[in-house]
1. Compare the Cα positions of TYR266, ILE298, GLY10 along the charge dipole of the chain (+1 at Cβ of Lys, Arg; -1 at Cβ of Asp, Glu; about the Cα centre) and return the one farthest towards the positive end.
2. Tell me, what is the FRET efficiency for VAL151 and THR220 to the nearest 0.05, using R0 = 45 angstrom and their Cβ-Cβ distance as r?
3. Mean residue ellipticity at 222 nm from the helices of the chain, using -39,500 (n - 2.57) per DSSP H segment of n ≥ 4 over the full residue count, to the nearest 500 deg cm²/dmol?
4. Report the full-extension gain for the segment LYS296 to ASN6: residue separation times 0.36 nm, less the Cα-Cα distance, to one decimal in nm.
5. Can you sort ILE106, ILE85, ILE201 from fewest to most other Cβ atoms within 10 Å of each residue's own Cβ?
6. Return the subset of LYS225/LYS291; LYS218/LYS269; LYS178/LYS263 for which the Cα-Cα distance in this structure is over 30 Å, preserving the input order.
7. Excluding TRP78 itself, what net charge comes from residues whose Cβ is under 11 Å from its Cβ, given Lys and Arg +1 and Asp and Glu -1?
8. Can you put THR102, THR57, THR356, THR293 in order of Cβ neighbours within 10 angstrom, beginning with the fewest?
Amino acid sequence: MAAFKNKDNGTWYVQFRYTDWKGERQQKLKRGFATKKEAQAWEREFLMEKQADVNMTFESFVALYEKDIKPKLKLNTWVTKDSIIQKKILPYFRKRKLSEITAKDIIDWQNEIRGLTDHNGKPLSATYLKTVHNQLSAIFNHAVRYYGLQVNPAQQAGNMGTEERREMLFWTREEYTKFSEAMMDKPISFYAFEMLYWCGIREGELLALTPADFDFEKGTVSINKSYQRLNGQDIVTTPKTKKSNRVIKMPQFLCEEMQDYLKQLYGAKPDSRIFPVSKYYLHHEMDRGCKETGVKRIRIHDLRHSHISLLIDMGFTALAIADRVGHESIDITYRYAHLFPTRQTEMANKLDSLRTEKGA
């Protein structure tokens, strides 16, 4: 591999030809290297990447992985994956050759990651550890599936962490009413929690709402986007799943409340966010409300559970509830049936009555 010295400034450059993915010959020129060795190393790595050679560095393969995967994902999904890659994976494997990373290397990496702490100084959760390992394994799987790597060393090493299912908490209507009264001193908080509890929408769906999403003649709100703030960026994407894209019928009292709220937003444009706050703000407000009222602290997402459990208790079918909240009906059946175990007793009693009637 030839490298050339620039006589004007003493730096090195490489100039060479290669065949691109279309089979066409291309010329490449790259300047500004401090040494001949750096210039030659860059050319070698560039050609390995173009030829999808598994002897390329892990960092170069990650660039290929991004090029292949990123266009298929929502922006917020990729930002989350990239954050893990940049902070938890690349610092350990950046300069290693992809083909030379072994299961033992992965085990050593796992032990390093297990020793890290979060921003509060607490050990990383088992769920997060599993997420980080799964991301590393996904990179190697991509290399195996599409680029000829023989084995996935992350798979050989075995996973770390486990997926922890948090206890599903919910508020009764009485608990929510008590909490909401404490929110009335801040309109933005009160109306935000009203939408969360009475419509069962997700936090990101709430924070993406605009005036244009409401049709007060029909009494509906359209859920067609989701908001997140990641790495200092405001990101609005389509909802979580295809089924999440839906139109929700609001109760009349909520229509009236939201009309009153929108009138308070002077100068708001049809596409302006009507709740221009962060998830942190909502969490802080929930802390405040629970402290003032003595209502048990639940997660923001548990308000969605609370809405679903309320509908179950009112006797609506899993299919009807699923359409409203953007779930599959089978998810409602399996995830929420345990909230009201008396349903099983009612079923048994009715079956017993049926048998008794027939026997009479």
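1. Going by the Cα projections, it comes out as GLY10.
2. Values: r = 53 Å, r/R0 = 1.18.
That gives a FRET efficiency of 0.25.
3. One gets -15500 deg cm²/dmol as the mean residue ellipticity at 222 nm.
4. Stretched fully, the LYS296-ASN6 segment lengthens by 97.3 nm.
5. Lowest to highest Cβ neighbour count: ILE85, ILE106, ILE201.
6. Beyond 30 Å between Cα atoms: LYS225/LYS291.
7. +2
8. THR356, THR102, THR293, THR57
Every number in this text was worked out from the coordinates using simple rules, so none of it is lab data. Everything numeric here is computed off the predicted structure, so don't read it as measured data. Glycine also receives a Cβ, built like all others from the backbone with ideal geometry; neighbour counts cover every protein chain displayed.
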